[in-house]
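The values are calculated or read from the model by the stated rules, or taken from the named source; none is laboratory data. Predicted, not measured: the structure shown is a model, and the values here were computed from it. Reconstructed Cβ throughout: ideal geometry from the backbone, glycine too, with neighbour counts over all protein chains shown.
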């Protein structure tokens, strides 16, 4: 199947103002095809988190629509939407709220009604995919930060989502954990939307990027091209790390 | 709470007592304590029999006596009150080693001491053979309001996270030369406590968000359905039943 022919995520005309009057989104439009890995870049306060919380209907009530694999986000199909959209939050301590890794990974599928051997198999498969199978019966607070982040990814994978949304996946990770997470993300066969400030990480993992600035999509294109566009980068307060030149980076490895 | 791979009170093992479903053990301990408390205090031999029963359970659970006795020390502050009773209680008095003690008070002290010790010993045995999260499953199974069980399980999960946050705040305070000395510094400590509360509250909101994102609708999904067979129930209830026989004898003899 042509990966772009079916859209995992369609956002059109999305606008939203918080109850205190602060308007965060001013008409956001974009589409992500099935199997794509896309980075969402933008300075602090650009509305990235607000946008993410619209994807699974935590925030609603503004203008515009969000569709996940054709299904519109709304009150009636909220359970299905939350199963299809897996959000990995920034702090794994917020994401991992059950006493053991196993129970945490089982939480989502169990809430969707899975039981017994089927549930167990789902948990094992999700932990397998992030290389954390041997930590199944550990309490989450005894894992390293990198391991906790991987388990957080597993908790979402266990729901077999249509799209995986990662909020700052590389934050607080040491270089080795960062690389391990990149290998895992590359090996997954799901659509990924990655919200990040970590531009080299976006370049490494995502062929395509969106720039969200002041509540609108300011640019949409191949990550390498966007990062090489100095004027665009400066206009939206995006800065590359010292000494990093996107033009000198070899082409990212192909999907594993 | 919840530190280490398991709680300090828990003693890892594979005894038949460890293997019992948690809710049967909870019910057994509760019934045992009720029976002990309703025994007349004059039936001293009955309390000895209860102690023997607990000893048998500890043997079956392979919990060494030293482990059990050391953990019984938690009772000491509560027992201090019982020691005072013979001195302050009214009524008929008796001379012991030149001290004038109240007979009523002596019986009262014995009552508190014996029943308290047996209750604590039973609870320590329960905690030594049941992991904290299993206890929570057991409470859920025994139809404790789910909200209470959820609050308790979040306490287990986040106790360490919040203690850690508290420690980081203390280090930050001390790194800037603060030392809590005397009443003038209480304001700073109170503000830290307030900040900790707000941080924990905000964390609570983020955790809720993460739960809702994974399909939480107010009820925790059942992940481990711990069912107990009739044999397991009768095995667990042997303790309170034996105790009940002793208690009835205590009333009739």
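Against the conditions (1) farther than 30 Å from residue B:227 by Cβ; (2) over 16 Å from the mean Cα position of the chain (by Cα); (3) in a helix (DSSP H, G or I), where does residue B:59 fall short? Just the number, please.
(1)
Can you tell me which of (1) surrounded by fewer than 17 Cβ atoms within 10 Å (Cβ to Cβ); (2) within 12 Å of another protein chain (Cβ to nearest Cβ) is the one residue B:153 doesn't meet?
Tallying (1) surrounded by fewer than 17 Cβ atoms within 10 Å (Cβ to Cβ); (2) within 12 Å of another protein chain (Cβ to nearest Cβ), residue B:153 fails exactly one: (1).
When residue B:71 is evaluated against the numbered criteria (1) within 22 Å of residue B:133 (Cα to Cα); (2) free of Cβ contacts under 8 Å to residues at least 24 places away in the same chain, which criterion, by number, is the only one it fails?
The number of the failed condition is (2).
Regarding residue A:151, is this residue touching a residue at least 24 places away in the same chain (Cβ under 8 Å), surrounded by 19 or more Cβ atoms within 10 Å (Cβ to Cβ), within 18 Å of residue A:68 (Cα to Cα) and in contact with a helix residue (DSSP H, G or I) (Cβ under 8 Å, 6 or more places away or on another chain)?
So residue A:151 does not fit the description; no.
Here are the criteria: (1) over 24 Å from residue B:228 (Cα atoms); (2) at pLDDT 85 or above; (3) buried (at least 17 other Cβ atoms within 10 Å of the Cβ). Tell me which single one residue B:102 does not satisfy.
The number of the failed condition is (2).
When only residues in segment A:78-88 that are surrounded by 22 or more Cβ atoms within 10 Å (Cβ to Cβ) and within 7 Å of chain B (Cβ to nearest Cβ) count, which is modelled with the lowest pLDDT?
For segment A:78-88, the residue satisfying everything is A:82.
For residues in segment A:133-147 being surrounded by fewer than 21 Cβ atoms within 10 Å (Cβ to Cβ) and over 15 Å from residue A:120 (Cα atoms), which is farthest from the other protein chains (Cβ to nearest Cβ)?
Out of the qualifying residues, it is A:146.
Do you know which of the residues in segment B:116-133 that are within 10 Å of another protein chain (Cβ to nearest Cβ) and assigned to a helix (DSSP H, G or I) is surrounded by the fewest Cβ atoms within 10 Å (Cβ to Cβ)?
B:132
Based on what the data block shows, is residue A:64 touching a residue at least 12 places away in the same chain (Cβ under 8 Å), touching a helix residue (DSSP H, G or I) at 6+ places or on another chain (Cβ under 9 Å) and away from every other protein chain (no Cβ under 14 Å)?
Answer is yes for this residue.
Please state which of the following conditions residue A:115 fails to meet, knowing it meets all the rest: (1) in contact with a strand residue (DSSP E or B) (Cβ under 9 Å, 6 or more places away or on another chain); (2) modelled with pLDDT under 95.
Residue A:115 satisfies all of (1) in contact with a strand residue (DSSP E or B) (Cβ under 9 Å, 6 or more places away or on another chain); (2) modelled with pLDDT under 95 except (1).
Looking for something within 12 Å of another protein chain (Cβ to nearest Cβ), surrounded by 15 or more Cβ atoms within 10 Å (Cβ to Cβ) and assigned to a helix (DSSP H, G or I) - is there at least one such residue anywhere in segment A:159-170?
Scanning segment A:159-170, I find no residue that is within 12 Å of another protein chain (Cβ to nearest Cβ), surrounded by 15 or more Cβ atoms within 10 Å (Cβ to Cβ) and assigned to a helix (DSSP H, G or I), so the answer is no.
Does residue A:57 satisfy being within 28 Å of residue B:200 (Cα to Cα), more than 12 Å from chain B (Cβ to nearest Cβ) and either free of Cβ contacts under 8 Å to residues at least 40 places away in the same chain or in contact with a helix residue (DSSP H, G or I) (Cβ under 6 Å, 6 or more places away or on another chain) (or both)?
Here the answer is no, as residue A:57 does not meet what is asked.
With within 14 Å of chain A (Cβ to nearest Cβ), closer than 29 Å to residue A:139 by Cβ and part of a helix (DSSP H, G or I) as the only criterion, which of B:136, B:147 stands out?
Of B:136, B:147, the one residue that is within 14 Å of chain A (Cβ to nearest Cβ), closer than 29 Å to residue A:139 by Cβ and part of a helix (DSSP H, G or I) is B:136.
A quick yes/no check of all residues on (1) within 12 Å of chain B (Cβ to nearest Cβ); (2) in a helix (DSSP H, G or I); (3) surrounded by 17 or more Cβ atoms within 10 Å (Cβ to Cβ); (4) without any contact (Cβ under 8 Å) to a residue 40 or more places away in the chain:
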{"position": "A:45", "(1), (2), (3), (4)": "no, no, no, yes"}
{"position": "A:124", "(1), (2), (3), (4)": "no, yes, no, yes"}
{"position": "A:128", "(1), (2), (3), (4)": "no, yes, no, yes"}
{"position": "A:131", "(1), (2), (3), (4)": "no, no, no, no"}
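Can you confirm whether segment A:184-191 contains a residue that is away from chain B (no Cβ under 14 Å), touching a strand residue (DSSP E or B) at 6+ places or on another chain (Cβ under 8 Å), crowded, with 22+ Cβ neighbours inside 10 Å and part of a strand (DSSP E or B)?
yes
Go through B:85, B:53, B:68 for me and flag whichever is assigned to a helix (DSSP H, G or I), modelled with pLDDT under 90, more than 19 Å from the chain's Cα centre (by Cα) and surrounded by 15 or more Cβ atoms within 10 Å (Cβ to Cβ).
B:85
Could you list, in sequence order, the residues of segment A:92-107 that are closer than 28 Å to residue A:35 by Cβ, facing chain B (nearest Cβ under 7 Å) and out of contact with any strand residue (DSSP E or B) (no Cβ under 8 Å at 6 or more places or on another chain)?
A:106, A:107
Could you check segment A:67-77 and list, in sequence order, the residues that are touching a residue at least 40 places away in the same chain (Cβ under 8 Å) and within 14 Å of another protein chain (Cβ to nearest Cβ)?
The answer is A:68, and nothing else.
Which one of B:210, B:172, B:180, B:228 is more than 14 Å from every other protein chain (Cβ to nearest Cβ) and either at pLDDT 90 or above or in a helix (DSSP H, G or I) (or both)?
B:172
State whether one or more residues within segment A:46-59 are farther than 24 Å from residue A:206 by Cα and more than 17 Å from the chain's Cα centre (by Cα).
Checked against the condition, which is being farther than 24 Å from residue A:206 by Cα and more than 17 Å from the chain's Cα centre (by Cα), segment A:46-59 yields no hits at all.
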